[in-house]
Amino acid sequence: MPVIFRESDHTYWNTDINEQYMSVTTFIGSEEPFNMEEAISKAVNSKAGRYKGWERERVIEEWDRIREEGTALHKAIEEYCKGKDIKDIPIEHRQAVYHFSQGKWKGQINSEVLLWSHTLKLAGTSDIITEQFDSNAWKRTYNIFDIKTSNDLSWKMDKYSKQQWLY
């Protein structure tokens with residue numbers, strides 16, 4: 001496999017030519033970089049938002065907690081996809097993993113699949129790809145899924161749809 005992901009510095013490398021590829025999320029984020037101070041200001045100064053009136057540090061702590069929780073749930077779903085029994089998933093994630101398991105998945109489920117484009121020099125890791133083989137047509141069909149754990153995705157749909165399109 002010519003492209004690898006290096007966990008240590010969160011980079012993708014084409015090992016055939018020893019060249020770094022930009023991650024899909026970095027590429028998308030470069031269009032509109034995240035400005036934490038601006039986001040915090042909007043959050044605490046909103047008229048009716050969840051963070052109205054919060055101190056900056058409290059917002060950052062809450063965002064860190066939410067990110068860590070999302071990462072842990074994502075890992076639990078990945079472990080389930082790789083064969084871990086639901087009863088062995090941490091109790092706080094079992095219900096979500098159970099609901100995930102009830103999805104109408106067709107074909108083989110693969111998780112954490114590296115994808116890349118040598119032309120664009122972009123790479124990323126898809127959360128889930130299902131693979132089906134139609135023996136009548138002698139073709140494979142792939143469906144790409146990305147796990148999101150936010151309660152409100154509406155403000156990020158443009159970014160997420162670009163990510164899916166690039167994958």
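The values are calculated or read from the model by the stated rules, or taken from the named source; none is laboratory data. Keep in mind the model is a prediction, meaning the values are calculated, not measured. Quick reminder, even Gly has a Cβ in these numbers, built from the backbone with ideal geometry, and neighbours come from all protein chains shown. Accessible surface areas use protein heavy atoms only, side chains included; no ligands, DNA or RNA. Shrake-Rupley method; radii C 1.70, N 1.55, O 1.52, S 1.80 Å.
Highest mean packing first, where packing is the average number of other Cβ atoms within 10 Å per residue, the peptides 102-111, 18-27 line up as 18-27, 102-111. Given the pairs 84/156; 104/159; 82/104; 82/121; 42/156; 82/106, which span a C-alpha to C-alpha distance of over 19 angstrom in this model? Exceeds cut-off: 84/156; 104/159; 82/121.
Rounded to the nearest 20 Debye, what is the dipole magnitude of the range 86-165 about its Cα centre when Lys and Arg each give +1 and Asp and Glu each give -1 at the C-beta?
Numbers: 11 positive and 9 negative charges, 39 e Å.
Around 180 debye, computed over the range 86-165.
Per residue, the solvent-accessible area of the chain (1.4 Å probe, heavy atoms of protein chains only, all protein chains present) comes to 70 Å². Charging the Cβ of each Asp and Glu at -1 and of each Lys and Arg at +1, and nothing else, the dipole of the chain about its Cα centre rounds to 600 debye. Relative to its Kirkwood radius, the Cα radius of gyration of the chain gives an Rg/Rh of 1.01.
Rolling a 1.4 Å probe over the protein heavy atoms of the range 3-45, with every protein chain left in place, gives an accessible area that is 52 percent carbon and sulfur. Taking all protein chains together and rolling a 1.4 Å probe, residue 112 ends up with roughly 60 Å² accessible. Just the number, please: carbon plus sulfur as a percent of the accessible area of the range 68-164, 1.4 Å probe, no ligands or DNA/RNA counted. Carbon and sulfur together cover 51 percent of it.
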